[in-house]
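These notes are about the structure you will find just below.
What follows draws every value from the coordinates through simple rules; no lab data is involved. Since we're looking at a predicted model, the values are computed, not measured. Cβ sites come from the backbone with ideal geometry, for glycine too, and all protein chains shown count toward neighbours.
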Amino acid sequence: MFSIRFLPLAVYFFSILSYPVASAWEQARVNVVFILIDDQGYYDLGCYGATEIETPRIDEMAEEGIRFTDYYAAAPICSPSRAGLLTGCYPRRIGMETWVQRADSKHGLNPEELTIAELFKQNRYATACIGKWHLGFLEPFLPRQQGFDEYFGLLHNLDPVEIIYFEGKGGVPLMRNDEILKRPADPAELTERYTDEAIAFMEREKSNPFFLYLPHTMLHVPIGVSDRFKGTSQFGEYGDAIHELDYNIGRIFDALERLGIKDETVVIYASDNGRGPGRNSFQRIQGRKLSTYEGGIRVPGIAWGPGLRIRSGYESSKLVTALDWYPTLATFAGIRIPEGRVIDGRDISAYLTGKSKGIPSPMTSDTLNANVVLRRSWDPAREWDPLFTREEYVNAFFYHGSQG
């Protein structure tokens, strides 16, 4: 006969059996920090061969994680690139293939798209965007309407077009959510202020899973460098700004350590496109920002998360794109993408953790003819061979001209 004294024990075991079993990653309560640099060229970090610029903290990140030698942005210019990153879709698929969002733009990232921030927020993550937005400046395109609980930064860039547009209004505004904090924004203070805000967010949410998107305004012109870092590189203010970024990225890692959440956090580092105009130091790849040659879309890309079994000290020559982070980070967080949602990116989580030696091939044949146009320099110098066909490349991005 079943004794009543065993009832509590039976209820306990039944509750265990009936409760959904979480994956190891879910149990670890994975946090995500995504650091996006603006207009950084492929060779502009020590771990990517820079000699005029020193980046010890980013180099350390690469030594403890995976450094991709064939990492590609979603597009060779700001707005389409960011749209691809946040949706996991080719810019043309989501109607964001046309140039950039200017200050007087009435459009933005389609609110019908499910951004990665919305996906994480739906799964009880705290979400924040701290930095440059550039995906729409009116409702319903603002960051807090695209899945972010908190926003701090510049909705716009600081191009001359924006400076002129806002000069009669006090200058380009620095924002916190819907509140204007300062006009005009000072580019020399942005890198440090963004980092302060990012650390404060992590401190507030250290007991909760969080998704932190940190798209820096630097290295977009006009370059801003605080006094502490002026003249510290051999590459002018551009190199000085990279030194300041490196220092502040180190502060992010120090905060993760101090808060005791380092081992349950994935950190991604990438650039939105290649070097901007006017930065003509020698590169072994052709092209720059605006170009669909490699110099416009091949950029630094690093994944870090030793506490989550991401490979350490690994250099990968696999072709990886910004679109791939959407499904990959969702997998790390134990989040399922809603059925029927079209995502062009590939889940590379098994490759990052060493469970797979390969990754799925780019889905170029099935995604609106979106062939990524890559050209690589071979010996002898000045000879260029296509890695993929250039056929219909304008359908993949948005731009056709002398830059490739």
Problem set entry | Square roots of five times the Cα gyration tensor eigenvalues for the range 30-396, Å | 26, 24, 23
Problem set entry | Estimated FRET transfer efficiency (Asp196, Lys318; beta-carbon r; R0 30 Å; 0.05) | 0.25
Seminar exercise, completed: Here, Thr51 and Lys357, labelled 7 Å along Cα→Cβ, have an inter-label distance in nm of 3.6
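Looking at this model, which pairs from Lys262/Lys289; Lys230/Lys318; Lys206/Lys355; Lys106/Lys289; Lys132/Lys318; Lys106/Lys206 are more than 31 angstrom apart at the alpha-carbon?
Values: Lys262/Lys289 34 Å; Lys230/Lys318 37 Å; Lys206/Lys355 29 Å; Lys106/Lys289 24 Å; Lys132/Lys318 29 Å; Lys106/Lys206 37 Å.
Checking Cα-Cα distances, Lys262/Lys289; Lys230/Lys318; Lys106/Lys206 exceed 31 Å.
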Seminar exercise, completed: In terms of the alpha carbon gyration tensor, root eigenvalues a ≥ b ≥ c, rounded if a/c is under 1.5 and otherwise prolate when a/b exceeds b/c or oblate, the range 68-143 is oblate
Problem set entry | Rel. contact order, % - alpha carbon contacts under 8 angstrom, at least six apart, the range 30-396 | 27
For this session: Distance between Cα centroids, the range 104-154 to the range 251-319: provide it in whole Å.
Result: 22
Problem set entry | Length released on extending from Glu63 to Arg144, taking residue separation times 0.36 nm less the Cα-Cα span | 25.7 nm
Problem set entry | Cα-based shape type of the range 302-355, given that a ≥ b ≥ c are square roots of the gyration tensor eigenvalues and the cut on a/c is 1.5 | oblate
Seminar exercise, completed: Residues whose modelled amide H sits under 5 Å from the amide H of Gly287, counting only those 5 or more places away in sequence or on another chain, are Gly295
For this session: Take the alpha carbon atoms of the range 204-223, find their center, do the same for the range 49-100, and report the distance between the two centers in whole angstrom.
Result: 14
Problem set entry | Cα-based shape type of the range 44-201, given that a ≥ b ≥ c are square roots of the gyration tensor eigenvalues and the cut on a/c is 1.5 | rounded
Problem set entry | Mean shadow area of the range 147-269, taken as a quarter of the surface of its Cα convex hull (nm²) | 8.6
